[in-house]
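Have a look at the structure below before the remarks.
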Amino acid sequence: MRFVHWVSAGLLAAAGVGGGAIPALATGERANVEIKDAAGKALGNIVVTDTTGGALIQVKLSGLPPGLHGFHIHETGKCEGDFASAGGILNPLGAKHGFANEEGPMAGDLPNLIVPSNGEIEIELITTLISLSASGEEGVFDADGTSFVIFEKGDNYVSDPEGDAGKRIACGVFTK
Ligand SMILES: [Cu+2]
């Protein structure tokens, strides 16, 4: 059984890494993902780095509506129009969606982003459900690429296929 683990920024700061800079990790592959909203406005960046504990996801975004937002890794690296172009959630194993789903989760499932009232969010988390370096079923850099998609509403972690999270409001393509 695999889980998504949280790494709090506070823990990293307590270990002496803090200061807001991305720690220099002795690790493998890294992806940078520029996130834009549906109007094409840049909202910030997400950096993904393979570590020995899983894929570290470092999120630094601003300009999102406050509140809960579904947050997933999607199967196609294309962010156009209403972002339907990004396809479904990355799901090479054919699972159902959601951490609370008996038949879940999908590889691309992630915890909700909880955006504070100023619209700025800076968080770090680790998922063991994907790996940038994997070429097989958990791989990210396949021929048609991969993307992050952020949703209008919170993901309920159980409704297939996307947690009843409403419209897709932001998207970004994984770039090596
Ligand atoms: Cu999604």
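Within the range 46-62, residues that are surrounded by fewer than 17 Cβ atoms within 10 Å (Cβ to Cβ) sit with their Cβ atoms under 7 Å from residues that are among the small types (Gly, Ala, Ser), at 6+ positions apart or across chains, in these pairs: SER62/GLY44; SER62/GLY119.
Taking the range 39-60 as the search range and keeping residues that are at pLDDT below 95 and part of a loop (DSSP other than H, G, I, E, B), which one is nearest to the ligand (Cβ to nearest atom)? Per the criteria, the residue is GLY53. As a summary of the residue check, PHE148 satisfies the conditions (1) surrounded by 14 or more Cβ atoms within 10 Å (Cβ to Cβ); (2) over 16 Å from the mean Cα position of the chain (by Cα); (3) more than 13 Å from LEU68 (Cα to Cα) except for the one numbered (2). Here ILE121 meets the list (1) in contact (Cβ under 8 Å) with a residue 60 or more places away in the chain; (2) in contact with a Gly (Cβ under 9 Å, 6 or more places away or on another chain); (3) within 26 Å of ASN101 (Cα to Cα); (4) away from the ligand (no atom under 16 Å from the Cβ) almost entirely, failing just condition (3). Out of the range 135-169, which residues are within 11 Å of the ligand (Cβ to nearest atom), among the small types (Gly, Ala, Ser) and at negative phi? Passing the criteria: SER147, ALA165. Of GLY63, GLY98, GLY81, all but one fail to be within 15 Å of the ligand (Cβ to nearest atom) and assigned to a loop (DSSP other than H, G, I, E, B); the exception is GLY98.
When the range 106-128 is filtered for residues that are closer than 22 Å to ALA170 by Cα and assigned to a loop (DSSP other than H, G, I, E, B), the ones remaining, listed by number, are MET106, ALA107, GLY108, LEU110, PRO111, ASN112, PRO116, SER117, ASN118, GLY119, GLU120. Looking at the range 101-118, which of the residues that are within 15 Å of ASP164 (Cβ to Cβ) and under 10 Å from the mean Cα position of the chain (by Cα) is nearest to the ligand (Cβ to nearest atom)? Per the stated criteria, the residue is ASP109.
The values are calculated or read from the model by the stated rules, or taken from the named source; none is laboratory data. Quick caveat: nothing in here was measured; it's all calculated off a predicted structure. Cβ coordinates were reconstructed from backbone atoms using ideal geometry, including for glycine residues, and neighbour counts include every protein chain displayed.
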